[in-house]
Structure formats: structure tokens, C-alpha cells
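Here's the structure we're looking at; comments come further down.
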Amino acid sequence: MPRKYSVVCGDSLAADVEELAQEYGLSEQEVLRQLIENGLEAVDERGAPEQGD
């Protein structure tokens, strides 16, 4: 069953998401979904990422 999540991010990150959405003709929601999915796959492959600022 699908779930909804809410994401709060700063202006810089929001601009990056908006730019990707426009570049690829996707909604911002779809960009976020793909980023999360790909990020989770990367964690599965390499282990937990290092935390940065």
C-alpha cells in the first residue's frame, strides 16, 4: 500500500529538485521518489553513506 511522506528542505536543495524536474519533464514529487529509490539502492550496495553537512 503506497504511503505519503513529507519532506522539508532548504532553498538550495529545493531549487536543485525543481531544476531536475524541469530538465527531465517530471514532477518534483517524481524527482524526489526517484532520488530516494536510487539512494536506497546505493545504500544497499555500498552500506550506509557518510553523513555530511
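The values are calculated or read from the model by the stated rules, or taken from the named source; none is laboratory data. These figures come from a predicted structure and were not determined experimentally. Side chains included, ligands, DNA and RNA excluded: accessible areas come from the protein's heavy atoms. Shrake-Rupley method; radii C 1.70, N 1.55, O 1.52, S 1.80 Å.
Brief remarks on what is shown
- Accessible carbon and sulfur surface of the chain relative to its total accessible area, %, 1.4 Å: 50 percent
- Using alpha-carbon coordinates, inclination of helix 11-24 to the longest axis of the chain, degrees: 70 degrees
- Cα-based helix-to-principal-axis angle, 28-46 vs the chain, degrees rounded to 10: 10 degrees
- Rolling a 1.4 Å probe over the protein heavy atoms gives the range 1-48 an accessible area of 94 Å² per residue.
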